[in-house]
Amino acid sequence: MRRFTSVFLYILLGVLTIAAARANWINAYIQIIIMFIGINIILSTSLNLVNGYMGEFSVGHAGFMAVGAYVTSVLNIWFFTNSQVFGSSLLSPSSALYLFPVTLLLGGVGAALVGLLVAIPSFRTRGDYLAIITLAVSYIVKSSIENIQVIGGARGFMGMRNIVNSMQEMVNLPWVMVWTFIAVGLTVWIIHRFVNSIHGKGIVALRDDEIASEIMGIDTHRMKLTAFMLSSGLAGIAGGLFAHILGYINPGTFTIMKSTEILVMVYLGGMGSLSGSVLSAIVFTLLLELFRPLQVVKWVVIPLLLILLMMFRPEGLLGHRELSDVFPRLSRIFSPRERQA
Amino acid sequence: MFYQELIQNLLNALQWGSFYALIALGYTLVYGVLLLINFAHGDIFMVGSYIGFFVATLLLGQYAGLMPVHLPPLLVFLLTLFITMILTAGVGVTLERVAYRPLRRKGASRLYVVITALMCGLLLENGNLALLGANRRSFPELFTKTVYTIGGVTFSNVKILVIITTILVFVLLETIVRKTKIGMAMRAISYDRMAVPLMGIPIDTVIVFTFILGSSMAALAGVLFAISYPVLEPYMGALVGWKAFIAAVLGGIGEIRGALVGGFLLGFVEIFVAASFPSTLRDLIAFSVLLIFLSFKPTGIFGVARATKI
């Protein structure tokens, strides 16, 4: 029974928050922040899979997010709304309610396929050169989107608000928030299961010594492929949600700055620590909002914080440890399985 | 007609590649010694051109009363270069002392140093934005641009200056690294960091020297860039810096020849893409070339794979 306590707690939190949003107890601003926290949790945990558990240095996570955002948005607009670009809707707008998770998933699949662009070169190279490849892929994605005029090019793409509205007309719930909660829960669960599975152990072995792990019979190519595609696919899902929260996306959103933000979250939380990533995504998003009145100075304070962090606690808040290792009593709530060597 | 265009583009590519090469030299020097990607280097380039701006306007007497004598243009140019290089080297060394050295002393993982470097870059960019504001500044004209036309090919004296300076700098650095004692120490550190202090080589001095070299090259690139394209903004170093880094990797990071060749190569790719395709495709094709190239030769042109031991 104890194994499911954390799941129950999470569902309770989700239902309460959604109910509060539905009843307008929390205003739109706070709702958006809650959703951004969710997105950032997906992004930081998925990047942690590559940068923390696998020990690579990916600096182009925002590129995958962009792919997911665009694929999901374009599919939704194409299928469910009447737009000048794609003509009248193929399916009735009301079916968006059921098919939204499908398009979200397709966005993830699209991003995972772009992740192949990084995964395949990673067979032959790693470290700094791979970092460049991830950077190049994110620039290629951004630049391609800018050059496809059908989806708005550099001007951006909008209309996702209609999808959200038509979903809300059917059943009056804050649907994006519902899906954010579901996606966050599933992401954390998947990554948790993944890193504790035989694949996860293989990835950690890869980080510690690639050649030795190959000798021990680990299929390194398959491990790398799975990790990169899972990570980029999850980022794509986060991107799809992100597009529907804002209702407008443009390639300028998914720059190296966005990637840096995600990197900051991963290293703030600590590499190879799932609960650390979740925690730091929450803390970082709230910090960003707190510093919003500072405007430009915000981006001076954040790097400074991280530099100080690197100097005095380079392993992040929880480096290679989980929350339940720091506070052993927590493992009463969370299952004993969460504990990790 | 075709040849004229070709030579014209070739000249443009050489100039554009020169900036990449000059910045890439800084990346490669630091990487060669410390195995650290100094991601703040692109922003040191930006700081360099800003410092150049302030020095030049001071020397030209644009701040009332601060500059009593009127200097001849050539002297102003040389002084600007010299002072900017010294000041920017100071910035680079400060970064090394304040941010990188404590981490190195602690023996922190290389990754943490890379993150710190990234953050230092952001700090410089946004610190500049916060201090000086977002308005662009135009760099003063230090000497009159003359445009020559030979056989239908036009080029300015600035273009020639940039290209020649880059080649001279390359020769100078190559000599320093290959022929002098401190260059030998630099190569030794990259070869075996543990053994070098045992031989009585002051490792920190050599590292500071490397940062001085790299940052002053970035300052040189900054001033030359500002003379060629006289608009300064805080984010100018970001994209150019990343591309210069790509040039360094393309040539094989850690190799001085590689930085030069990679820089020029990237310049050629970008200019010829812009000349024959819509210019919005420039970044796309440049990065695709890089991706394909690195997939087939992951260590760059001159790079050698480091042997991994179990």
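Would you check which residues across region A:130-170 are of a type in the set (S, T, N, Q) and not in a helix (DSSP H, G or I) and list them?
Passing the criteria: only A:149.
With more than 22 Å from residue A:234 (Cα to Cα) and either among the hydrophobic types (A, V, I, L, M, F, W, C) or within 14 Å of chain B (Cβ to nearest Cβ) (or both) as the only criterion, which of A:162, A:147 stands out? Spell out the reasoning first.
Numbers: A:162 fails: either among the hydrophobic types (A, V, I, L, M, F, W, C) or within 14 Å of chain B (Cβ to nearest Cβ) (or both).
Answer to the check: A:147.
Mind checking which helices (runs of 4 or more DSSP H) fall wholly inside region B:69-135 and carry at least 2 residues that are among the charged types (D, E, K, R) and under 24 Å from residue B:206 (Cβ atoms)? Give the steps one after another, and end with the answer.
Numbers: elements: B:73-95, B:101-106, B:110-132.
Of the helices (runs of 4 or more DSSP H) lying wholly inside region B:69-135, those with at least 2 residues that are among the charged types (D, E, K, R) and under 24 Å from residue B:206 (Cβ atoms) span B:101-106.
Determine if region B:111-131 includes at least one residue that is more than 10 Å from chain A (Cβ to nearest Cβ), in contact (Cβ under 8 Å) with a residue 24 or more places away in the chain and either within 28 Å of residue A:50 (Cα to Cα) or in contact with a helix residue (DSSP H, G or I) (Cβ under 9 Å, 6 or more places away or on another chain) (or both).
Taking region B:111-131 and keeping what is more than 10 Å from chain A (Cβ to nearest Cβ), we get none.
Looking through region B:111-131, none of the residues is more than 10 Å from chain A (Cβ to nearest Cβ), in contact (Cβ under 8 Å) with a residue 24 or more places away in the chain and either within 28 Å of residue A:50 (Cα to Cα) or in contact with a helix residue (DSSP H, G or I) (Cβ under 9 Å, 6 or more places away or on another chain) (or both).
Just for region B:257-275: of the residues that are surrounded by fewer than 21 Cβ atoms within 10 Å (Cβ to Cβ) and farther than 19 Å from residue B:159 by Cα, which one is farthest from the chain's Cα centre (by Cα)?
Checking each candidate, the answer is B:273.
Return the pair list, or none, for Cβ contacts closer than 8 Å from residues in region A:191-207 that are over 18 Å from residue A:126 (Cα atoms) to residues that are among the hydroxyl-bearing types (Ser, Thr, Tyr), at least 6 apart or on different chains.
From residues that are over 18 Å from residue A:126 (Cα atoms), the pairs are A:191/A:45; A:191/A:46; A:195/A:53; A:199/A:226; A:200/A:53.
Suppose the filter is aromatic (Phe, Trp, Tyr) and in contact with a Leu (Cβ under 7 Å, 6 or more places away or on another chain); does residue A:129 pass it? It would help to see each step written out before you state the result.
Numbers: aromatic (Phe, Trp, Tyr): yes; in contact with a Leu (Cβ under 7 Å, 6 or more places away or on another chain): yes.
Judged against the criteria, residue A:129 is a match.
Would you confirm whether any residue within region B:79-98 is buried (at least 18 other Cβ atoms within 10 Å of the Cβ), within 14 Å of another protein chain (Cβ to nearest Cβ) and within 20 Å of the chain's Cα centre (by Cα)?
yes
Could you grab the pairs with beta carbons closer than 6 Å, sequence gap of 6+ or different chains, first residue in region B:67-87 and farther than 20 Å from residue B:145 by Cβ, second one outside any helix (DSSP H, G or I) and among the aromatic types (Phe, Trp, Tyr)?
Sorted first by the residue in region B:67-87, then by its partner, the list stays empty.
Give the residues of region A:288-297 that are in a helix (DSSP H, G or I) and farther than 16 Å from residue A:258 by Cβ, sorted by residue number. Write out each step before concluding.
Filtering region A:288-297 for residues in a helix (DSSP H, G or I) gives A:288-290, A:292-297.
Within region A:288-297, A:289, A:290, A:292, A:293, A:294, A:295, A:296, A:297 meet the criteria.
Can you pull out the residues in region B:179-222 that are surrounded by fewer than 24 Cβ atoms within 10 Å (Cβ to Cβ) and of a type in the set (Val, Ile, Thr)?
Result: B:180, B:182, B:189, B:196, B:201, B:203, B:205, B:206, B:207, B:208, B:212.
Regarding region A:70-79, can at least one residue be identified that is surrounded by 21 or more Cβ atoms within 10 Å (Cβ to Cβ), under 19 Å from residue A:139 (Cα atoms) and not charged (D, E, K, R)?
Yes, the conditions are met somewhere in region A:70-79.
Does region A:298-320 hold any residues that are more than 7 Å from every other protein chain (Cβ to nearest Cβ), in a loop (DSSP other than H, G, I, E, B) and either of a type in the set (A, V, I, L, M, F, W, C) or without any contact (Cβ under 8 Å) to a residue 12 or more places away in the chain (or both), and which are they? First the steps, then the outcome.
Kept after step one, since they are more than 7 Å from every other protein chain (Cβ to nearest Cβ), are these residues of region A:298-320: A:298, A:301-302, A:305, A:308-309, A:312-313, A:315-320.
Restricting the remaining residues to those that are in a loop (DSSP other than H, G, I, E, B) gives A:313, A:315-320.
Result: A:313, A:317, A:318.
Out of the residues in region B:132-158 that are within 14 Å of another protein chain (Cβ to nearest Cβ) and among the aliphatic types (A, V, I, L, M), which is farthest from residue B:81 (Cα to Cα)? Spell out how you get there, then give the answer.
Kept after step one, since they are within 14 Å of another protein chain (Cβ to nearest Cβ), are these residues of region B:132-158: B:132-135.
If we keep only those that are among the aliphatic types (A, V, I, L, M) as well, we get B:132, B:134.
Values: B:132: 22, B:134: 25 Å.
Looking at the filtered set, the residue picked out is B:134.
Give region B:148-166 a look and list any residue that's without any contact (Cβ under 8 Å) to a residue 24 or more places away in the chain and under 23 Å from residue B:22 (Cβ atoms), or say none.
Going residue by residue through region B:148-166, those that are without any contact (Cβ under 8 Å) to a residue 24 or more places away in the chain are B:148-150, B:156-157, B:160, B:164.
Residues satisfying the conditions are B:156, B:157, B:160, B:164.
Name the residues in region A:120-133 that are buried (at least 20 other Cβ atoms within 10 Å of the Cβ) and either more than 10 Å from every other protein chain (Cβ to nearest Cβ) or of a type in the set (Gly, Ala, Ser) (or both), would you?
A:122, A:131
Looking at A:104, A:116 in this structure, which one is within 14 Å of chain B (Cβ to nearest Cβ), outside any loop (DSSP other than H, G, I, E, B) and touching a residue at least 60 places away in the same chain (Cβ under 8 Å)?
Working: A:104 fails: within 14 Å of chain B (Cβ to nearest Cβ).
Step by step, each of A:104, A:116 is checked, and only A:116 is within 14 Å of chain B (Cβ to nearest Cβ), outside any loop (DSSP other than H, G, I, E, B) and touching a residue at least 60 places away in the same chain (Cβ under 8 Å).
Could you please give the count of residues in region A:167-181 that are surrounded by fewer than 21 Cβ atoms within 10 Å (Cβ to Cβ) and farther than 16 Å from residue A:36 by Cβ?
Adding up the residues that qualify gives 6.
Any read-out appearing in this document is the output of simple, stated calculations on the displayed coordinates, not a laboratory observation. This one's a predicted model, so the numbers in the text were calculated from it and none came from an experiment. Note that each Cβ is placed from the backbone with ideal geometry, even for glycine, and that neighbours are counted across all protein chains shown.
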